[in-house]
Amino acid sequence: MTQPPPADLAEAERAYQAGRFEEARELLVALSAAYPGDAETAYRAASVHDRLGLEAEAVPYYERCLRGAELSDASRRGALLGLGSTYRVLGRYEEAVDTLRRGAERYPEDGALRAFLAMALYNTGGHHEATALLLRLLAGTSGDETVRAYRRAIEHYAGDLDATV
């Protein structure tokens with residue numbers, strides 16, 4: 001069997017949803033060890049480690065799940081965000097930028113990936129690109145009427161923040 005029994009995954013999910021994160025972690029670590037080829041289980045294990053503030057322990061699970069071809073699109077998106085964010089908080093900034101950029105390119109409509117990419121770019125000294133990225137995100141997603149009124153101008157200036165007349 002290449003995937004854990006659904007009942008075992010359901011038990012881990014119930015523990016997670018009930019806020020019993022350590023219990024969920026223990027179940028998912030065991031399931032991931034028993035089914036090392038199952039990308040979805042690795043993703044769930046990574047996520048619960050992150051939730052518990054165990055970022056360094058989450059990394060190998062994220063990396064493993066992203067190697068899995070059968071990872072669902074939603075889980076792949078979450079894993080790219082989770083791994084990139086985790087690399088960033090661990091001070092692994094270049095890896096964070098690479099991972100988050102890959103995610104933002106694959107999922108261009110995902111504003112969270114772009115926001116986390118901007119943070120990682122900031123950490124690597126990419127202030128100009130980070131600011132432009134955030135301005136485009138703001139212009140494209142803001143519900144603020146005053147921002148929406150200047151959307152075209154914000155998007156234009158985001159393209160060249162150093163331009164003057």
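The values are calculated or read from the model by the stated rules, or taken from the named source; none is laboratory data. Computed from a predicted model, the values in this text were never measured in an experiment. All Cβ positions, even for glycine, are placed from backbone atoms using ideal geometry, and neighbour counts span all protein chains on display. Accessible surface areas use protein heavy atoms only, side chains included; no ligands, DNA or RNA. Shrake-Rupley method; radii C 1.70, N 1.55, O 1.52, S 1.80 Å.
What the table shows:
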| item | result |
| --- | --- |
| Globularity index of the chain, i.e. its alpha-carbon radius of gyration over 2.2 N^0.38 Å | 1.22 |
| Rounded tilt (10° steps) of 6-17 against the dominant C-alpha axis of the chain | 50 |
| Residue-averaged 222 nm ellipticity for the chain, from DSSP H runs of 4+ at -39500 (n - 2.57), nearest 500 | -24000 deg cm²/dmol |
| Cα-centred dipole magnitude for the chain, charges only on beta-carbon of K, R (+1) and D, E (-1), debye, nearest 20 | 260 |
| Rounded accessible area per residue of region 1-141, 1.4 Å, Å² | 50 |
| Computed label-point distance, nm, for sites Leu54 and Asp162 using a 7 Å Cα→Cβ extension | 4.6 |
| Distance between modelled label sites at Ala69 and Glu22, nm, 7 Å Cα→Cβ extension | 4.1 |
| Tensor-based shape of region 108-156 (alpha-carbon gyration tensor, a/c under 1.5 rounded, otherwise prolate or oblate) | prolate |
| Among Glu129, Glu145, Glu94, residue whose mean-square fluctuation peaks in a GNM of the chain (springs only between Cα atoms under 10 Å) | Glu145 |
| Rg(Cα) / (2.2 N^0.38 Å) computed for region 72-120, rounded to two decimals | 0.97 |
| The chain - percent of accessible surface contributed by carbon and sulfur, probe 1.4 Å | 53 |
